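Okay, so here's the structure we're looking at.
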Amino acid sequence: MKKPIFTGSGVAIVTPFTKDGSINFDELGRLIDFQIENNTDAIIICGTTGESATMPDDEHIAAIDYTVKRVAGRIPVIAGTGSNDTIHGINLCKRAEEVGVDGLLTVTPYYNKTSQRGLIEHFKAIANAVNIPVILYNVPSRTGLNITPDTLYELSKVENIIGIKEASGNITQIAQMAAKCPDMVIYSGNDDQVIPILALGGKGVISVLANVAPKETHDMCQKFFDKDIEGALKIQLDAIELVDALFIEVNPIPVKKALSFMGYDTEYLRMPLYEIAPKNAEILKNALLNFGVKIK
């Protein structure tokens with residue numbers, strides 16, 4: 001198997017904004033420290049949960065650069081640098097590599113999409129432009145485009161394409177990927193499927209849940225690796241209510257509200273995302289309390 005950038009729980013961290021819409025770097029620093037203090041195994045900055053789709057390139061790279069400096073080598077930092085424009089994606093990846101990230105997370109092209117043959121060429125072009133590990137991101141519910149097991153097999157031949165974040169929700173497909181591509185690292189992209197994917201040989205999760213429950217998400221993975229399957233499964237099942245609540249509206253609307261309940265300044269979203277409905281906020285608050293998360 002190719003070398004994982006991390007094993008365990010990588011948090012797809014939110015980006016806190018100020019009231020005027022700029023990045024709240026002080027609060028981002030607090031969130032990063034909270035994650036590291038609670039055993040998170042990697043920080044994924046500027047992913048979907050980080051609202052990267054709303055970020056101009058200079059701001060995108062500034063967030064990545066700040067995170068690398070704040071983390072200061074304590075755990076790996078992975079930058080979301082995907083684009084539906086291959087040249088744009090290459091440029092983002094190169095700039096992220098320059099500021100010192102440990103790896104890149106690059107999503108399938110969205111909206112204009114492509115064929116499976118085009119996907120192979122797109123990801124090869126990106127990987128060949130950098131010298132650090134690349135994780136593919138498969139989330140067809142958002143992009144309208146799926147990476148097939150055969151396509152993953154072809155991409156596994158590229159040295160620095162080391163794995164995939166699998167958020168298709170299709171366990172059969174993920175099993176086929178694991179069988180066809182035994183050297184590829186698989187990370188769960190869905191918090192309700194961590195244990196099933198670890199059971200198929202996965203190496204961890206890139207997690208929304210970890211924003212509010214970093215220790216528990218890390219422990220779920222670590223218990224599985226330590227062969228405490230019963231303990232790992234208990235955390236997975238106990239978390240289902242909270243995971244459902246964190247996706248009661250479009251991510252990251254609920255998780256930013258959840259963090260605000262915990263005392264973090266994460267209320268502000270960038271449109272078109274809009275504040276959570278009051279009834280859903282109450283469901284979310286109850287789910288946090290039921291899972292044992294302290295709120296203020």
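The values are calculated or read from the model by the stated rules, or taken from the named source; none is laboratory data. All of these numbers come straight from a predicted model, not from anything done at the bench. Note: ideal-geometry Cβ built from the backbone for every residue, glycine included; neighbour counts use all protein chains shown. Just the protein is used for accessible areas: all its heavy atoms, side chains included, with ligands, DNA and RNA removed. Shrake-Rupley method; radii C 1.70, N 1.55, O 1.52, S 1.80 Å.
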For the range 74-157, diffusion coefficient by Stokes-Einstein and Kirkwood Rh (Cα), 20 °C, 1.002 mPa s, µm²/s: 167 µm²/s
Label corresponding to Rg/Rh (Cα atoms, Kirkwood Rh) when calculated from the structure given, among (i) 0.98; (ii) 1.01; (iii) 0.94: (iii)
Tell me the label-point distance for the pair N131, N170, using the 7 Å Cα-to-Cβ offset, in nm and rounded to one decimal. 3.7 nm
Using θ = phi - 60° and the Karplus form 6.51 cos²θ - 1.76 cosθ + 1.60, what ³J(HN,Hα) does each residue of the range 173-181 get, whole Hz, x for Gly and Pro? 4, 5, 4, 5, 4, 4, 6, 7, 10
Determine the calculated [θ] at 222 nm for the chain from helices alone, applying -39500 (n - 2.57) to every DSSP H run no shorter than 4 residues and normalising by the residue count; nearest 500 deg cm²/dmol. -13500 deg cm²/dmol
Karplus-derived 3J(HN,Hα) from phi for the range 196-209 (6.51 cos²θ - 1.76 cosθ + 1.60, θ = phi - 60°), whole Hz, x at Gly and Pro, runs x, 6, 4, 5, 8, x, x, 10, x, 9, 9, 10, 7, 3
Between L237 and A179, with labels modelled 7 Å along Cα→Cβ, what's the label distance in nm to one decimal, could you check? 2.8 nm
Average silhouette area of the range 39-119, convex hull of alpha-carbon atoms, in square nanometres: 5.7 nm²
I need the Debye-formula profile for the range 170-296: one equal scatterer per C-alpha, no solvent, reported as log10 I(q)/I(0) at q = 0.13, 0.17, 0.21 1/Å, two decimals. -0.57, -0.87, -1.14
Whole-percent carbon and sulfur contribution to the accessible surface of the range 40-155 (1.4 Å, no ligands, DNA or RNA) stands at 49 percent
For A72 and A199, extending 7 Å from Cα along the Cα-Cβ vector and measuring point to point gives, in nm, a value of 4.2 nm
Can you give me the accessible area per residue for the chain, using a 1.4 Å probe, in Å²? 42 Å²
13 Å Cα-Cα reach of K3 towards aspartates and glutamates, excluding residues that sit fewer than 8 places from it in its own chain: D102, E159, D183
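Sort S115, S141, S83 by accessible area with a 1.4 Å probe, largest first.
Numbers: S115 65, S141 110, S83 0 Å².
Reading off the accessible areas and sorting them downward yields S141, S115, S83.
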What's the center-to-center distance, using Cα atoms, between the range 46-77 and the range 179-248 in Å? 23 Å
For L105, distant residues with modelled amide H under 5 Å away: A79, G80, T81, I135
How much length is gained on full extension from K296 to D244, taking 0.36 nm per residue of separation minus their Cα-Cα distance? 16.6 nm
In percent, what relative contact order does the chain have, based on Cα pairs under 8 Å that are 6 or more apart in sequence? 19 percent
What relative contact order, as a whole-number percentage, does the range 143-227 give when Cα pairs under 8 Å and 6 or more residues apart are counted? 23 percent
Given a 1.4 angstrom probe, I'd like the percentage of the accessible area of the range 187-261 that is carbon and sulfur, rounded to a whole number. 55 percent
Counting DSSP beta bridges with both partners in the chain, what percentage is antiparallel, nearest 5? 5 percent
